[in-house]
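To keep things clear, I will list the structure first and then write my remarks on it.
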């Protein structure tokens, strides 16, 4: 239980845990100020400019104990500026509420830090798991950008592919950004801000939070990361259990029309693939652009491309195969849904009162205004009628990063403070549509963009549009830090596109990359493929007989994990403990806090994917426990080992004392 100790010149917040946690309120430095920012967006990426008008340091001058915590007065040196704050303690959670001010809209806070501390979270970070030493920009944006692609092309042609090279971190942007971080000292900090902020973890003895909004702060303290996740999810929210059928094998990512999809399903069946569902993103139509095969955003069945689909869906379901689709908040200007939205004033406007058209890759589109209740009802009805009633059992709820800050919203809200909330509002709309249809637990959706309330409303995340390569910043190796940083931000259900998405010459998905990616995805909560933006350039699950056989076997592996995965997802729903976890989550060892190429699936499986092209195995570090190789049955103690990994058999280990040992022993019998 947290408690305040009062002294003449300061107050100390302390925990009652074995690892002492103290926050000296008097030693924490505060500044308030005012400023005005400008943002320039291009294809979901942003440039920022801050015009800081005033910044004043304030210091603690008065403390008053209350029944629930304390009240503080912070005063500037010239005694002309003051800030009032109230601290409320509820169990192991401290909330600091700042009294709003008309004169100030900026807040800086220096929190005490230690040299041996590690920092995690801030949403989804693909390049670093441990954020100590980094400045993290909290702003929802497009992760993949033309600049990074061009740099990679130049490097590829001049020095060849370099899987270890990364863009500078100060250029980093991500789909899912959240003002939350977790310390290796067993506490978390979350800000209620919805505006731009910068979390600076580069200072030796301080973590500096820079907020462009005066917003409340929450501090949570716990004796373990499991207890900390439970406390954080109690504040932010938890994801519900997934439908039972999602664990029944692979979700095949296919496109091209009814005949093409059914032919590929038949081939998958021939090789023994356990197919839980077909995911056909072009169910509502497609457009061909210079970027590749993209979609026609009209949110209704394309009868020309998918003839007879409505009749096929019950037949597929009777065979245990579900059908998933795709949607987002944009509208294709050529189609009837946009005409209806335009006529009814349902789109986000520009300052001239016209529909704000945003360029995505090569074409413009309008955005449905999620601050307009009538527009939300209309879009929800489309999802309920054209998707759920039609027979879809799930979909990708894409995008959410592209709200411009110079638009005009129906609600009159400031777009700068709404921008980061957009993906959470989008997730909430999808969730409401499913709940209103009475289908929660049967139907689900997965999102790529997010912010604070996404934890509460989205039913599943996916890692977005990785490059079809082995790179550690945008390719296969980036998935693990992204998944684990989400886990440390409170989102416990995550998966990635098998093989990546973004394809551009000379990058093409090889069979080897597809297989190694599928190996990893078989050991996540969901195993789903994607053909990519240039399907004909990429190796798919049916690229060769070997790939077909390996993918089919991995689909059976994933299905065999169903009892374990269901229990871990249920634990996440009940306590907010993520399914995929960093190794340090369960093992307090120095190596665990910087390990970003291995992860725990639940508390009993350690997964070490193959992340290098041409590798026949890898070095695996095992924490202090007794571990058994899932495929060979060989037992290991803690330490570092070189482990072989033929195609289809990634290095995976289970705890010898696991209550699921009998289930895991069955995998050895399936070695051949």
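Looking across segment 108-121, the residues that are touching a strand residue (DSSP E or B) at 6+ places or on another chain (Cβ under 7 Å) and within 19 Å of residue 205 (Cα to Cα) come down to 108, 109, 110, 111, 112, 113, 117, 119, 120. Restricting attention to helices (runs of 4 or more DSSP H) lying wholly within segment 414-512, give those where 2 or more residues are crowded, with 24+ Cβ neighbours inside 10 Å and under 16 Å from the mean Cα position of the chain (by Cα). Helices (runs of 4 or more DSSP H) meeting the threshold: 422-436, 454-457, 479-487.
I need the full set of residues from segment 335-365 which are loosely packed, with under 13 Cβ neighbours inside 10 Å, touching a residue at least 12 places away in the same chain (Cβ under 8 Å) and either over 28 Å from the mean Cα position of the chain (by Cα) or assigned by TED's automatic domain parsing to the domain that holds residue 443 (or both), in order please.
Residues satisfying the conditions are 336, 344, 351, 353.
Among residues that are within 30 Å of residue 222 (Cβ to Cβ), within 32 Å of the chain's Cα centre (by Cα) and surrounded by 14 or more Cβ atoms within 10 Å (Cβ to Cβ), residue 37 is not included.
Within segment 37-47, is there a residue that is in contact with a strand residue (DSSP E or B) (Cβ under 6 Å, 6 or more places away or on another chain), assigned by TED's automatic domain parsing to the domain that holds residue 141, part of a strand (DSSP E or B) and modelled with pLDDT under 80? No, there is no match, as no residue in segment 37-47 is in contact with a strand residue (DSSP E or B) (Cβ under 6 Å, 6 or more places away or on another chain), assigned by TED's automatic domain parsing to the domain that holds residue 141, part of a strand (DSSP E or B) and modelled with pLDDT under 80. Scanning segment 172-185 turns up no residue that is at positive phi, at pLDDT below 95, out of contact with any helix residue (DSSP H, G or I) (no Cβ under 9 Å at 6 or more places or on another chain) and part of a loop (DSSP other than H, G, I, E, B).
Going through (1) in a strand (DSSP E or B); (2) over 26 Å from the mean Cα position of the chain (by Cα) one by one, residue 324 falls short only on (2). Taking the conditions (1) closer than 30 Å to residue 137 by Cα; (2) surrounded by fewer than 18 Cβ atoms within 10 Å (Cβ to Cβ) in turn, residue 197 satisfies each one other than (2). Might you let me know whether segment 605-613 holds any residue that is in a loop (DSSP other than H, G, I, E, B), closer than 27 Å to residue 224 by Cα and either out of contact with any strand residue (DSSP E or B) (no Cβ under 7 Å at 6 or more places or on another chain) or touching a residue at least 24 places away in the same chain (Cβ under 8 Å) (or both)? Yes, because at least one residue in segment 605-613 is in a loop (DSSP other than H, G, I, E, B), closer than 27 Å to residue 224 by Cα and either out of contact with any strand residue (DSSP E or B) (no Cβ under 7 Å at 6 or more places or on another chain) or touching a residue at least 24 places away in the same chain (Cβ under 8 Å) (or both). Find all pairs meeting these conditions: Cβ atoms under 6 angstrom apart; at least six residues apart or on different chains; first residue within segment 259-273 and on the phi > 0 side of the Ramachandran plot; second residue assigned to a helix (DSSP H, G or I). Close Cβ pairs (under 6 Å, with a partner that is assigned to a helix (DSSP H, G or I)) amount to 272/552.
Has segment 381-400 got any residue that is farther than 19 Å from residue 284 by Cβ and in contact with a strand residue (DSSP E or B) (Cβ under 6 Å, 6 or more places away or on another chain)?
Of all residues in segment 381-400, those farther than 19 Å from residue 284 by Cβ come to none.
No: segment 381-400 contains no residue that is farther than 19 Å from residue 284 by Cβ and in contact with a strand residue (DSSP E or B) (Cβ under 6 Å, 6 or more places away or on another chain).
Pick from segment 141-169 the residues that are modelled with pLDDT of 75 or more and in contact with a strand residue (DSSP E or B) (Cβ under 8 Å, 6 or more places away or on another chain): which of them is surrounded by the fewest Cβ atoms within 10 Å (Cβ to Cβ)? In this case the residue turns out to be 169. Set side by side, the residues 623, 651 differ, and just one is crowded, with 19+ Cβ neighbours inside 10 Å, touching a strand residue (DSSP E or B) at 6+ places or on another chain (Cβ under 7 Å) and either touching a residue at least 60 places away in the same chain (Cβ under 8 Å) or farther than 21 Å from residue 492 by Cα (or both), which is 651. Within segment 614-652, the set of residues being part of a loop (DSSP other than H, G, I, E, B) and under 27 Å from the mean Cα position of the chain (by Cα) comprises 623, 648, 649, 650, 651. Of all residues in segment 318-334, those satisfying the criterion of being touching a residue at least 60 places away in the same chain (Cβ under 8 Å), closer than 19 Å to residue 360 by Cβ and touching a helix residue (DSSP H, G or I) at 6+ places or on another chain (Cβ under 6 Å) are 325, 326, 329.
In summary, residue 533 fulfils each of the numbered conditions (1) part of a loop (DSSP other than H, G, I, E, B); (2) touching a helix residue (DSSP H, G or I) at 6+ places or on another chain (Cβ under 7 Å); (3) surrounded by fewer than 24 Cβ atoms within 10 Å (Cβ to Cβ) with the single exception of condition (2).
The values are calculated or read from the model by the stated rules, or taken from the named source; none is laboratory data. Here the structure is a predicted model, which is why all the values come from computation and not from measurement. Reconstructed Cβ throughout: ideal geometry from the backbone, glycine too, with neighbour counts over all protein chains shown.
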